[in-house]
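**Student:** Got a structure for you, written out below as structure tokens; questions coming shortly.
Values in this text are rule-based calculations from the coordinates and carry no lab data. Owing to the predicted nature of the structure, the values given are computational and were not obtained by experimental measurement. For neighbour counting, all protein chains shown are included, and Cβ atoms are generated from backbone atoms with ideal geometry for every residue, glycine included.
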Amino acid sequence: MSSTRSSQQDETLDYFRAGAEAWRKSAIGEAQGEVNVIAQRIEAVLRVARRMNPAPGLSLDVGCGTGQLSLALAAMGGEAVGLDFAPEMIEQCTIGLKKDPQPGVSFIQGSIFDYGPPAGRSLDLISALGFIEYVSPDELEQLLVRFRKWLRPGGFCVLGSRNRLFNLFSLNRFTQLERGLGTIEALLNESLLLAMAKDPTSALKAAMDAATPLPQPEVHPEAGVTVTQRYQYTPGELAALTGRFGFRAVSAAPVHYHPMPPAVKGDRGAFHLDYSEALFAAAPEDVRLVPQASTFVMALEAV
Ligand SMILES: C[S@@+](CC[C@H](N)C(=O)[O-])C[C@H]1O[C@@H](n2cnc3c(N)ncnc32)[C@H](O)[C@@H]1O
């Protein structure tokens, strides 16, 4: 795998270098009135980690941002490595570590494309939240090969993804984009399979069995992030894709459920926040709610 960065990754690095301090404020819940998507994603990973038996000994968080997940994993007693290529993110991790000293944690500045785990060790858990958006589908496949090699059998890879199904329900420029690509029918079909399934396990399997790879647009609407291409997947698509690399999709947690379209939520901010957080607390792992969630977090067992 080449360590020469793509223009997408260059844009990503610039964007996150500039935004590290603000990111930490959001991560620790200082962005008033907003659903804390970072905290919901982290909670989704911790739910997987808490169920692992034995508890994860060595974990790697890829694109760790300001480090909250690594700190939380180390607090469970294992060794946690947080890796991020933005030096400013790693500076924020260090600030966080001073406030919450965790002996098991180490933060490394560098690209995942140049990383290798400690010699002779296998990993129990690899997480990547808000990360796969910023690598091309080819790069993702190359990383999946590596992740599978690094994990012990029975270990977990947990991936957060922007949820492409949500483009149906957001009723905005993303919906128009999908209409232009001719993907509405496929997105609706998967949403129906998920929402009408009798339980979460059969829902994810039905979505995976029906999934077909969708064309990825070359340019995404900006939506506050100045990286031109930010890849999105459906749960079925990601489950099927990762299945080709030795992973079994076990769950997909809905993150940031939207009771109303983004264009309207600003007018009803408090209601949106309360509703979304209450639903996350009540049904944190029900994949049938994913169609109306802007993100999902998928747990993949290394088989
Ligand atoms: C959307 S942020 C998510 C941060 C964190 N995972 C969270 O959920 O709060 C994505 C992070 O991935 C990092 N990143 C992107 N590409 C990377 C690469 N090739 N190697 C390491 N870090 C990368 C960015 O610098 C950024 O901090």
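**Student:** Please go through region 9-43 and give me each residue that is closer than 21 Å to PHE113 by Cα, more than 9 Å from the ligand (Cβ to nearest atom) and crowded, with 16+ Cβ neighbours inside 10 Å, ordered by number.
**Tutor:** GLU11
**Student:** Please identify the pairs in which a residue from region 255-267 that is at positive phi has its Cβ atom under 8 Å from the Cβ atom of a residue that is in a helix (DSSP H, G or I) and small (Gly, Ala, Ser), counting only partners at least 6 apart or on another chain.
**Tutor:** Short answer, once both residue conditions are applied: HIS256/SER276.
**Student:** Condition first: under 20 Å from the mean Cα position of the chain (by Cα) and within 11 Å of the ligand (Cβ to nearest atom). Can you find one or more residues in region 93-106 that meet it?
**Tutor:** There is at least one residue in region 93-106 that is under 20 Å from the mean Cα position of the chain (by Cα) and within 11 Å of the ligand (Cβ to nearest atom).
**Student:** Looking at region 209-219, is at least one residue more than 28 Å from VAL62 (Cβ to Cβ) and within 20 Å of the chain's Cα centre (by Cα)?
**Tutor:** No: region 209-219 contains no residue that is more than 28 Å from VAL62 (Cβ to Cβ) and within 20 Å of the chain's Cα centre (by Cα).
**Student:** Find the helices (runs of 4 or more DSSP H) located wholly in region 141-217 whose residues include 2 or more that are without any contact (Cβ under 8 Å) to a residue 60 or more places away in the chain, and list them.
**Tutor:** Qualifying helices (runs of 4 or more DSSP H): 173-181, 184-195, 200-210.
**Student:** Okay, next question. Going through LEU46, LEU58, LEU73 one at a time, which residue ends up being over 18 Å from GLY110 (Cα atoms), more than 11 Å from the ligand (Cβ to nearest atom), free of Cβ contacts under 8 Å to residues at least 60 places away in the same chain and buried (at least 20 other Cβ atoms within 10 Å of the Cβ)?
**Tutor:** LEU73
**Student:** Can you go through ALA223, ALA263, ALA253 and tell me which one is assigned to a loop (DSSP other than H, G, I, E, B) and either in contact with a Lys or Arg (Cβ under 8 Å, 6 or more places away or on another chain) or closer than 29 Å to ALA22 by Cα (or both)?
**Tutor:** Going through ALA223, ALA263, ALA253 in turn, just one is assigned to a loop (DSSP other than H, G, I, E, B) and either in contact with a Lys or Arg (Cβ under 8 Å, 6 or more places away or on another chain) or closer than 29 Å to ALA22 by Cα (or both): ALA223.
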